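*Asks:* Next up is a structure, given as structure tokens.
The values are calculated or read from the model by the stated rules, or taken from the named source; none is laboratory data. Model, not experiment: these values are computed from the prediction. Using ideal geometry, Cβ is built from the backbone for each residue, glycine included, and neighbour counts are taken over all protein chains shown.
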Protein chains: 2
Amino acid sequence: MILFFHMLLLSHLFTKTSKEAVADAGSVNAELLVRAGFIAKTMAGVYSFLPLGLKVLRNIERIVREEMDRIGAQELLLSALSPREYWETTGRWDPKVFDALFHVPGAGEQEYGLNPTHEEIIVPVARQYVRSYRDLPFGAYQIQTKFRNELRAKSGILRGREFLMKDLYSFHTDQEDLERYYAVVQDAYAAIFRRLGLAEKTYLTYASGGSFSKYSHEYQVILPNGEDTVFVSVEAEEKGMRIAVNREIYEPGKTACPVTTGTTFREERASEAANIFMLGTKFSAPFGLQYATPEGQMKDVIMGCYGIGVSRLMGIIAEAFADDAGLVWPKAVAPAVAHILPIAKSKEDPAFTTAMHCAKHLEDAGVPCIVDDRLDPSAGSRLADADLMGLPFRIVVSPKTLADDKVEVKERAGGAVTLCGTTKLLALVSG
Amino acid sequence: MILFFHMLLLSHLFTKTSKEAVADAGSVNAELLVRAGFIAKTMAGVYSFLPLGLKVLRNIERIVREEMDRIGAQELLLSALSPREYWETTGRWDPKVFDALFHVPGAGEQEYGLNPTHEEIIVPVARQYVRSYRDLPFGAYQIQTKFRNELRAKSGILRGREFLMKDLYSFHTDQEDLERYYAVVQDAYAAIFRRLGLAEKTYLTYASGGSFSKYSHEYQVILPNGEDTVFVSVEAEEKGMRIAVNREIYEPGKTACPVTTGTTFREERASEAANIFMLGTKFSAPFGLQYATPEGQMKDVIMGCYGIGVSRLMGIIAEAFADDAGLVWPKAVAPAVAHILPIAKSKEDPAFTTAMHCAKHLEDAGVPCIVDDRLDPSAGSRLADADLMGLPFRIVVSPKTLADDKVEVKERAGGAVTLCGTTKLLALVSG
């Protein structure tokens, strides 16, 4: 039971793939992720992340965290429970105003909120520290489980009652500084979507802005089964930009692209991966979050908020790249880079020992591997498992490949197959 | 606002220390951690972790995770919400049986549990994958926020309504294999407490075991304000072991130390940091979690569970080492290793530039630093802040130290002061 390898052996992993379709999954992402053993459904809209799924989630988290840290945002972890009074301060305790909030009865006639978003929690924290203009601007973010009281949960991990989010809040003296920071966050988000392999499919989508700005912005990823409809600006695409407007602000024949002023749009199905808002004083004013100007005048702090759906991105990436054989993970988020599969009858076979040797060689060079060290299942079902699990490279070591002193490397995306000497393996999978 | 340094500048950190005692904290750990800006109280028993506090929490998490990974336990992330049916299956939906569980009403007349522990969630997951004795044993763990419906929350982050825990569950064919694994986990826990700097203060404490074993075990850390009372075996201590029995199984004059059979005990106040149980079939039987023996017979899976309070450990470490001047973090969990404090009037002063130079030198060598780059507060209040925040080394760079081409290094624990050339700094703080 005690393993000193870091490489993951399939014989050791307690989860397994499943060949049958999952009857109740009801969505492409959940269907595939459950069958591949990445997630388990606890109930509608609530999933657990199993070892392979957690690795994907952590990889997405890491990319998001690095880009937040790069723009100087400070990570914290706000509470999931909150006092009813905070929500009453902003008027959002009332389910007619805000129906997403779970109201949790506690011992001693108390009642708590179970937070779907954290403006009501971070503003009282900021109020403890912000005194003057010298304390501004700053950005604070967290990566945390959120809860939403959904009547009907759907779309697997795309829209759940419980999900992992990154939420960043920024605090400023004035609108101009908020707008500067808003652009900095947009650059960070572009970097995140690029690193996740989603840049080509992600459209900066203009949505209604509320009282403090003309627009808010969504990051919509084009997906055949996406739950949203967006209108992609054709003129923007012709200029190499990915810009769309969302359904709620689109009027056929009247709407112009806010960037190009073009009026030609193409309707697409998409899934929202992130959204950013200028909040103005919407939350600072009710909590009395103010700062003193250099002249000693007290003014409301100006805020922005910037969400990104971390577990939702896992579902979006799963749907965006999957094919008929299963999942296809981009390298940056895959649970490991190489899926090593010996075709062997015993652990003493040269195919098995060579496979373990290749895995150690790659792991030592920092390339995470999964080794299918199982002897029992048929080669066919193990190859199908590799396709279903979707690691970027499948490396088959068999008596046939070894006869030529080679291993067979197949790229999961595209399917290109190379026969390769073991000394060239690292260069090939690191390329 | 955009920082390309990784080092933390106090002028950039949005939190601040506070000189005043926190009126409502009501506990040594919360008092200090709130004053030092490590945590913020959302409400009784519910805290947010601010940037410095989150670094401590992540360091504790990392140590726990590494020791779990080392024994081959597989990390996952179970859901926080659960269906009522799961709790009804084990009889724990009834508040008379189990009053810690929050019952959360949801849209559409649904009702969920908000999990304080995860036996009810992991057993149905395991049931999807366990078929035969070949699928056993395995251990699966998570580090996750838990919720408890406490009537009265107390002791700061030691006993809250919301807290971070590591919970490991193990699955076995028989009692003998469970006992083997239980000993492996005890070794891992010993390594965790040693790495956290708590080994000298932590007693393996025998508690009542329930139906499946004579004893369960707690890891009790001796603390003057601890909420528990334990009875330390004097004979065990004389043999170099730290063994205690808890109050519920202690009968004066009758109880013998389960390890040494000695009957001399010393009463101590302590705080429970971890507990481990043999569960037997208590949870596997009601869910029908069974495996086929080699002979094809179906048997209930035998389970163990192993908790450790991650946020609670942060409070315990805070209380265990603090002194009158503030927090004293062991190096392994401190938010950074060196607190660098230039005494300077401007950012062009040699003391300031030398301090930044030292910080860069240490950071490049992998020693995390916090630099107090603030020019406004008095030197006295900045030195007091350094003591309150409690990093292992305080490095003061002043015109006086620079006159000798030195910096002043003070160890927070013990208070030893060294004057040291900048080229010897790395060796000194890495020692």
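*Asks:* Only one residue in B:Leu57, B:Leu8, B:Leu13 is touching a strand residue (DSSP E or B) at 6+ places or on another chain (Cβ under 8 Å), at pLDDT 95 or above and crowded, with 20+ Cβ neighbours inside 10 Å, so which one is that? Let's see the steps before the verdict.
*Replies:* Working: B:Leu8 fails: at pLDDT 95 or above; B:Leu13 fails: crowded, with 20+ Cβ neighbours inside 10 Å.
Step by step, each of B:Leu57, B:Leu8, B:Leu13 is checked, and only B:Leu57 is touching a strand residue (DSSP E or B) at 6+ places or on another chain (Cβ under 8 Å), at pLDDT 95 or above and crowded, with 20+ Cβ neighbours inside 10 Å.
*Asks:* Could you tell me which numbered condition A:Ala365 fails, if it satisfies all but one of (1) in contact with a helix residue (DSSP H, G or I) (Cβ under 7 Å, 6 or more places away or on another chain); (2) without any contact (Cβ under 8 Å) to a residue 60 or more places away in the chain; (3) of a type outside the set (Ser, Thr, Tyr)?
*Replies:* The single condition A:Ala365 does not satisfy is (2).
*Asks:* Do the conditions hold for B:Leu52, that is, is it facing chain A (nearest Cβ under 9 Å), part of a helix (DSSP H, G or I) and not small (Gly, Ala, Ser)? Spell out the reasoning first.
*Replies:* Details: facing chain A (nearest Cβ under 9 Å): no; part of a helix (DSSP H, G or I): yes; not small (Gly, Ala, Ser): yes.
No.
*Asks:* Out of (1) in contact with a helix residue (DSSP H, G or I) (Cβ under 9 Å, 6 or more places away or on another chain); (2) within 13 Å of A:Leu391 (Cβ to Cβ); (3) surrounded by fewer than 24 Cβ atoms within 10 Å (Cβ to Cβ), the odd one out for A:Phe321 is which?
*Replies:* Status for A:Phe321: all satisfied but (1).
*Asks:* While we're looking at this one, here's another question. When you scan the range B:93-124, how many residues do you find that are at negative phi and in a loop (DSSP other than H, G, I, E, B)? Talk me through it step by step, then tell me what you get.
*Replies:* Going through the range B:93-124, the residues at negative phi turn out to be B:93-107, B:110-124.
Now drop any that are not in a loop (DSSP other than H, G, I, E, B), which leaves B:93-101, B:107, B:115-118.
Final tally of qualifying residues: 14.
*Asks:* Right, something else. Would you please name the residue that is nearest to the other protein chains (Cβ to nearest Cβ), looking only at residues in the range B:150-161 that are under 17 Å from B:Ile316 (Cβ atoms) and over 14 Å from the mean Cα position of the chain (by Cα)? Please lay out each step first, then the result.
*Replies:* Of the residues in the range B:150-161, the ones under 17 Å from B:Ile316 (Cβ atoms) are B:153-160.
Filter once more, keeping what is over 14 Å from the mean Cα position of the chain (by Cα): B:153-155.
On the way: B:Ala153: 10, B:Lys154: 13, B:Ser155: 17 Å.
Only one residue fits best here, namely B:Ala153.
*Asks:* Tally the residues that are surrounded by fewer than 24 Cβ atoms within 10 Å (Cβ to Cβ) and either within 26 Å of B:Arg65 (Cα to Cα) or of a type in the set (A, V, I, L, M) (or both), restricting the search to the range B:285-309.
*Replies:* First pass over the range B:285-309, keeping only residues surrounded by fewer than 24 Cβ atoms within 10 Å (Cβ to Cβ): B:285-300, B:305, B:307.
Next, only the ones that are either within 26 Å of B:Arg65 (Cα to Cα) or of a type in the set (A, V, I, L, M) (or both) stay: B:285, B:289, B:292, B:298, B:305, B:307.
Count: 6.
*Asks:* Go through the range A:252-263 and report how many residues are under 10 Å from A:Val234 (Cα atoms) and surrounded by 15 or more Cβ atoms within 10 Å (Cβ to Cβ). It would help to see each step written out before you state the result.
*Replies:* Taking the range A:252-263 first, the residues under 10 Å from A:Val234 (Cα atoms) are A:257, A:260, A:262-263.
Then keep just the ones that are surrounded by 15 or more Cβ atoms within 10 Å (Cβ to Cβ); that gives A:257, A:260, A:262.
Total satisfying the criteria: 3.
*Asks:* A further question follows. Tally up the residues in the range B:74-95 that are more than 9 Å from every other protein chain (Cβ to nearest Cβ) and within 26 Å of B:Leu136 (Cα to Cα), please.
*Replies:* Residues that pass the stated criteria total 3.
Per-residue answers, yes or no, for (1) closer than 27 Å to A:Ile192 by Cβ; (2) not small (Gly, Ala, Ser):
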residue: A:Gly315; (1), (2): yes, no
residue: A:Asp323; (1), (2): yes, yes
residue: A:Trp329; (1), (2): yes, yes
residue: A:Lys345; (1), (2): no, yes
residue: A:Ala355; (1), (2): no, no
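*Asks:* Please find, within the range B:117-174, the residue that is nearest to B:Met278 (Cα to Cα) out of those that are of a type in the set (A, V, I, L, M, F, W, C) and modelled with pLDDT under 95.
*Replies:* In the first step, residues of the range B:117-174 are kept if they are of a type in the set (A, V, I, L, M, F, W, C); the result is B:121-123, B:125-126, B:130, B:136, B:138, B:140, B:143, B:147, B:151, B:153, B:157-158, B:163-165, B:168, B:171.
After this cut, where a residue has to be modelled with pLDDT under 95 as well, the list is B:151, B:153, B:157-158.
Values: B:Leu151: 28, B:Ala153: 28, B:Ile157: 27, B:Leu158: 24 Å.
The qualifying residue nearest to B:Met278 (Cα to Cα) is B:Leu158.
*Asks:* Identify all residues within the range B:111-130 that are surrounded by fewer than 19 Cβ atoms within 10 Å (Cβ to Cβ) and at the interface with chain A (Cβ under 9 Å from one of its Cβ atoms); write none if there are none.
*Replies:* Those that are surrounded by fewer than 19 Cβ atoms within 10 Å (Cβ to Cβ) and at the interface with chain A (Cβ under 9 Å from one of its Cβ atoms): B:Gln128, B:Tyr129.
*Asks:* Something else about it: Look through A:Ala36, A:Ala107, A:Ala100 and report the one residue that is farther than 30 Å from A:Tyr181 by Cα, hydrophobic (A, V, I, L, M, F, W, C) and more than 8 Å from chain B (Cβ to nearest Cβ).
*Replies:* On the way: A:Ala107 fails: more than 8 Å from chain B (Cβ to nearest Cβ); A:Ala100 fails: farther than 30 Å from A:Tyr181 by Cα.
It is A:Ala36.
*Asks:* Listed residues A:Phe147, A:Phe138; which is within 9 Å of chain B (Cβ to nearest Cβ), crowded, with 23+ Cβ neighbours inside 10 Å, touching a strand residue (DSSP E or B) at 6+ places or on another chain (Cβ under 8 Å) and not β-branched (Val, Ile, Thr)?
*Replies:* A:Phe147
*Asks:* A:Glu238 - would you say it is over 28 Å from A:Val310 (Cα atoms) and out of contact with any helix residue (DSSP H, G or I) (no Cβ under 6 Å at 6 or more places or on another chain)?
*Replies:* Working: over 28 Å from A:Val310 (Cα atoms): yes; out of contact with any helix residue (DSSP H, G or I) (no Cβ under 6 Å at 6 or more places or on another chain): yes.
So A:Glu238 passes the test.
*Asks:* Just checking, does the range B:376-390 include any residue being buried (at least 22 other Cβ atoms within 10 Å of the Cβ), more than 21 Å from B:Pro51 (Cα to Cα) and among the hydrophobic types (A, V, I, L, M, F, W, C)?
*Replies:* Scanning the range B:376-390, I find no residue that is buried (at least 22 other Cβ atoms within 10 Å of the Cβ), more than 21 Å from B:Pro51 (Cα to Cα) and among the hydrophobic types (A, V, I, L, M, F, W, C), so the answer is no.
Yes/no matrix, rows are residues, columns are (1) part of a loop (DSSP other than H, G, I, E, B); (2) in contact with a strand residue (DSSP E or B) (Cβ under 8 Å, 6 or more places away or on another chain):
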site	(1), (2)
A:Thr255	yes, yes
A:Ala270	no, yes
A:Ala273	no, yes
A:Phe277	no, yes
A:Ala285	no, yes
A:Gly296	yes, no
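*Asks:* With respect to B:Gly315, is the statement that it is of a type outside the set (A, V, I, L, M, F, W, C), in a strand (DSSP E or B) and surrounded by 18 or more Cβ atoms within 10 Å (Cβ to Cβ) true? Please lay out each step first, then the result.
*Replies:* Numbers: of a type outside the set (A, V, I, L, M, F, W, C): yes; in a strand (DSSP E or B): no; surrounded by 18 or more Cβ atoms within 10 Å (Cβ to Cβ): yes.
No; evaluated as a whole, the condition is false for this residue.
*Asks:* Still on this model: Among the listed residues B:Glu85, B:Glu67, B:Glu119, B:Glu111, which satisfies the condition of being of a type in the set (Asp, Glu) and in contact with a Leu (Cβ under 8 Å, 6 or more places away or on another chain)? Steps first, please.
*Replies:* Numbers: B:Glu85 fails: in contact with a Leu (Cβ under 8 Å, 6 or more places away or on another chain); B:Glu67 fails: in contact with a Leu (Cβ under 8 Å, 6 or more places away or on another chain); B:Glu111 fails: in contact with a Leu (Cβ under 8 Å, 6 or more places away or on another chain).
Of B:Glu85, B:Glu67, B:Glu119, B:Glu111, the one residue that is of a type in the set (Asp, Glu) and in contact with a Leu (Cβ under 8 Å, 6 or more places away or on another chain) is B:Glu119.
*Asks:* Tally the residues that are closer than 21 Å to A:Glu348 by Cα, in contact with a helix residue (DSSP H, G or I) (Cβ under 7 Å, 6 or more places away or on another chain) and assigned to a helix (DSSP H, G or I), restricting the search to the range A:377-431.
*Replies:* 3
*Asks:* Another question about this same structure. Go through A:Thr42, A:Thr89 for me and flag whichever is outside the structural domain of A:Ala274 (by TED's automatic domain parsing) and touching a helix residue (DSSP H, G or I) at 6+ places or on another chain (Cβ under 7 Å).
*Replies:* Working: A:Thr42 fails: outside the structural domain of A:Ala274 (by TED's automatic domain parsing).
Unique residue meeting the criteria: A:Thr89.
*Asks:* Which members of the range B:180-214 meet the condition of being of a type outside the set (Gly, Ala, Ser) and modelled with pLDDT under 95? Break it down into steps so the answer makes sense when it comes.
*Replies:* Quick first cut of the range B:180-214, residues of a type outside the set (Gly, Ala, Ser) only: B:180-182, B:184-187, B:189, B:192-196, B:198, B:200-206, B:212, B:214.
If the condition is that a residue be of a type outside the set (Gly, Ala, Ser) and modelled with pLDDT under 95, then B:Phe212, B:Lys214 are the ones that fit.
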